[in-house]
Amino acid sequence: MTIELSHDAEPDRTLETDPRTDPGALWRPTIWESEEPLHVRLAETLSLDIRKGVLPPGARLPTHRELAYRLKIGVGTVTRAYALAESLGAVTSHVGRGTYVAEGGAAAQPIANVETGPIDLHRNLPPLEPAERRLRDAFTRLGRRRDLTEHLTYAPPAGFDAHRRAGAAWIARTTGGMAVDWTKLLVRPGAQSAMTLAIAHRSKPGDTILTESGTFFVFRTLAEHVGYRLHGVAMDAEGIIPDALAEAVAKTGARILYLMPTLQNPTGRTMSLARREAIAALARRLDLTLVEDDVYAALALTPAVPIAALAPERTYYVGGVSKALAPGLRTGYLLAPTAEAHQALARAVRATTYAPPAFDSLIATQWIEDGTAWDIVADIRAELAARRALAAQLLGSAIDPAADGAPHIWLPMGELEAERLAGRCLRAGVETTPPSAPIVSPNLLSGLRLCLGRPPTRALLRQALEVVADALAGGMATSASGVL
């Protein structure tokens, strides 16, 4: 087979065998030099051959390892090139059968129209397609709202009443019916802002805050920025262990605990009702303030009773829609434990940001009011279920068991092993969460988190997970050129 490439013009190329009748047909492209990443150039060559008819519909492509061997490049580079071509509709992959030129692949979107870079298993985002599909209709409906122009002015510090009522409805439904007093709720620009406000209300720089042994990595960033001291509490399959919590309080004198009882980040673990009741009773006995981060509540297939429902007088409850609908909707909710606390929080908002933003929350409110939010959540749950099944198929027992619904999976392993695995994956074109990012107490917890929602297609996710599986097996090849 001979394939020649020119920098100046599209060449004529031929294949020595018919790829539709010979599954082992040797497609061996010569990839030109440019500043584009190697996997993009390989995908461009593949796309060009498809458009010119050199690779007709139904043609079976070489396996990832075969092509990597022929071209003397990394397996991960081929994986990313095939995934990029598949995400644009040029090829299609079938588990156990291989990768084929798609019917209509010649009309696929050009490679130049998409972002390049590592496949992202780093950011914990929901799949975007369910919200994207409904966004234009949302703007149409917003245009018919009688209160639309009111959102051009400042909102009250706690947010517009309609948004607060919608937030209360969101929390009630995603928790399976927790009673929510909307007059104690504040609308915030994201759950992170709600968390920050709650912590600042009950802590000052230098204070010790208790967390799970691994926690939301942005909370660690907050602590470093403000000067909080974090102390990790030992976990088991249900999250924080009550005896370990009591021991941590005695050791540190801490008066506040930040925790995620449902689909915990990074492990995906969920507390049973009995464990939640034990934590609530212990908080009362030890006079602990709780900040309960429940941003994944909507994704849990079985709603869980929040600790805020068991110890409402001492729990600041944090919710939001960014992790369940779309990250661009920076709408979080903070439910204060008392009317007095709500008033103090509102004064803090007025002193720092004056008012929450209006239009992000308006879209969230519209979707909650008209039911679109629940349709999006249902679609995202179904998509995540398929993605978790794919991860289980490819990674098997390497995954820590977790409650259904989590958009992330946890691979428990030693600290050094996790760092090496993350490095092998990145060199092959898959970016994972840095292993140390969420860890508060390395002596109690270590591993690697993989986020399943960010890749735009399951095909791209599969390619990334195959890289991870290969790295776990110790079979990761490296690029001869060092370019991935």
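Tell me whether region 170-179 contains one or more residues that are farther than 30 Å from LEU448 by Cα, part of a helix (DSSP H, G or I) and not assigned by TED's automatic domain parsing to the domain that holds ALA348.
No, region 170-179 contains no residue that is farther than 30 Å from LEU448 by Cα, part of a helix (DSSP H, G or I) and not assigned by TED's automatic domain parsing to the domain that holds ALA348.
Please count how many residues of region 34-86 are in contact (Cβ under 8 Å) with a residue 12 or more places away in the chain, more than 19 Å from ARG427 (Cα to Cα) and not β-branched (Val, Ile, Thr).
Residues in region 34-86 being in contact (Cβ under 8 Å) with a residue 12 or more places away in the chain, more than 19 Å from ARG427 (Cα to Cα) and not β-branched (Val, Ile, Thr): 19 in total.
Pairs only if they're at least six apart or on different chains, beta carbon under 9 angstrom, first in region 143-169 and closer than 13 Å to LEU362 by Cα, second charged (D, E, K, R) and part of a loop (DSSP other than H, G, I, E, B); list them, first residue then second.
Cβ pairs passing all conditions: HIS151/ARG145; PHE160/ASP147; ALA162/ASP147.
Residues checked against (1) buried (at least 23 other Cβ atoms within 10 Å of the Cβ); (2) assigned to a loop (DSSP other than H, G, I, E, B):
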| position | (1), (2) |
| --- | --- |
| ASP360 | no, no |
| TRP374 | no, no |
| ALA382 | no, no |
| ARG388 | no, no |
| PRO401 | no, yes |
| ARG420 | no, no |
| LEU448 | yes, no |
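With the condition kept exactly as written, say whether any residue in region 325-334 is assigned by TED's automatic domain parsing to the domain that holds PRO189, over 17 Å from the mean Cα position of the chain (by Cα) and within 30 Å of ALA283 (Cα to Cα).
Yes: region 325-334 contains one or more residues that are assigned by TED's automatic domain parsing to the domain that holds PRO189, over 17 Å from the mean Cα position of the chain (by Cα) and within 30 Å of ALA283 (Cα to Cα).
Farther than 29 Å from ILE363 by Cβ, modelled with pLDDT under 90 and either within 22 Å of the chain's Cα centre (by Cα) or not in a helix (DSSP H, G or I) (or both): is that true of TYR82 in this structure?
Answer is no for this residue.
Among (1) surrounded by fewer than 18 Cβ atoms within 10 Å (Cβ to Cβ); (2) more than 29 Å from the chain's Cα centre (by Cα), there is one condition GLU129 misses while meeting the rest; what is its number?
GLU129 satisfies every listed condition except (2).
Could you figure out which of (1) out of contact with any strand residue (DSSP E or B) (no Cβ under 8 Å at 6 or more places or on another chain); (2) over 23 Å from GLY319 (Cβ atoms) isn't true of GLY253?
(1)
Of all residues in region 441-476 being charged (D, E, K, R) and in contact with a strand residue (DSSP E or B) (Cβ under 6 Å, 6 or more places away or on another chain), which is nearest to ARG123 (Cα to Cα)?
ARG454
Kindly list, by first and then second residue, each pair from a residue in region 98-126 that is modelled with pLDDT of 90 or more to a residue that is in a loop (DSSP other than H, G, I, E, B) and of a type in the set (S, T, N, Q), limited to pairs with Cβ atoms under 7 Å and residues at least 6 apart or on different chains.
So the pair list comes out as HIS122/THR433; ASN124/ASN265.
In region 211-324, which strands (runs of 3 or more DSSP E) lie fully inside it and hold 3 or more residues that are touching a helix residue (DSSP H, G or I) at 6+ places or on another chain (Cβ under 8 Å), assigned by TED's automatic domain parsing to the domain that holds ALA198 and surrounded by fewer than 24 Cβ atoms within 10 Å (Cβ to Cβ)?
229-233
The values are calculated or read from the model by the stated rules, or taken from the named source; none is laboratory data. Note that the structure is predicted; figures quoted are calculated from it, not measured. No Cβ is skipped: glycine too gets one built from the backbone with ideal geometry, and neighbour counts run over all protein chains shown.
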